[in-house]
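Take a look at the structure below.
The values are calculated or read from the model by the stated rules, or taken from the named source; none is laboratory data. Fair warning: this is a prediction, and the values are worked out from it, not measured in the lab. Glycine also receives a Cβ, built like all others from the backbone with ideal geometry; neighbour counts cover every protein chain displayed.
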Amino acid sequence: MRVHYASELFDMEHCIEDPILQFNSWFGEAVNAKVIEPNALILATVDSNAKPSARVVLLKDVDADGFVFYTNYQSKKAEELALNPNVALVFNWLELIRQVRIEGSVEKVSSERSEAYFQSRPLGSQIGAWASPQSKKVNSREELESLELEITKKFHDKEVLPKPPHWGGYKVKPSYIEFWQGRPNRLHDRIAYELNETGNWTRARLAP
């Protein structure tokens, strides 16, 4: 099952000083390479007993402060984020033999930002956000479809729905970002950025 990695060198002199800009550079290359769902990421959280859980969510925005995704505020992940805002993210772009690891803490984005994004979504996705009691047990697929029909009837005269009060965005504000690129003989390139006490990023090469 082993794969021979033969990517180009990724060294300190090749990376941008700002890790957000470096991420944007790699993300753009993933998009141009037609990586499937390049904005898919693994989000890891922990519960009150420090038991971890992870799931795939979609990155919806990146700015100078961090990485934004949206979800149901009553979901399991949201409950865990309320208990412990510290998270880890992983982007895995297999086609490019690249991985980005991010550690940081989350905060909710503004209701206005969440509303604007929600109303940019397809109508079916808006209905689904209203209808699904995310992470809660349901008896059957038919129950979900019944909830969807109920919401469809409720908003039958609307082309754009209001944002549900239980739905919105989170921003992950990073304190650590690591870029990994596969290289021959398992001597992979790893460049890690850490946010220091002065609010500046430092860089270091890590052994694979």
Across the stretch 172-204, which residue is nearest to the chain's Cα centre (by Cα) among those that are closer than 22 Å to L94 by Cβ and outside any strand (DSSP E or B)? G182
Taking the stretch 22-40 only, how many residues are closer than 25 Å to A207 by Cβ and without any contact (Cβ under 8 Å) to a residue 60 or more places away in the chain? 1
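Residue under question is I36, and the condition is that it be touching a helix residue (DSSP H, G or I) at 6+ places or on another chain (Cβ under 7 Å) and either among the aliphatic types (A, V, I, L, M) or under 18 Å from E80 (Cα atoms) (or both); does it hold?
Here the answer is no, as I36 does not meet what is asked.
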Based on what the data block shows, is P133 outside the structural domain of L43 (by TED's automatic domain parsing) and modelled with pLDDT under 90? yes
The residue from E142, E150 that alone is exposed (fewer than 12 other Cβ atoms within 10 Å of the Cβ), not in a loop (DSSP other than H, G, I, E, B) and not assigned by TED's automatic domain parsing to the domain that holds I191 is E142
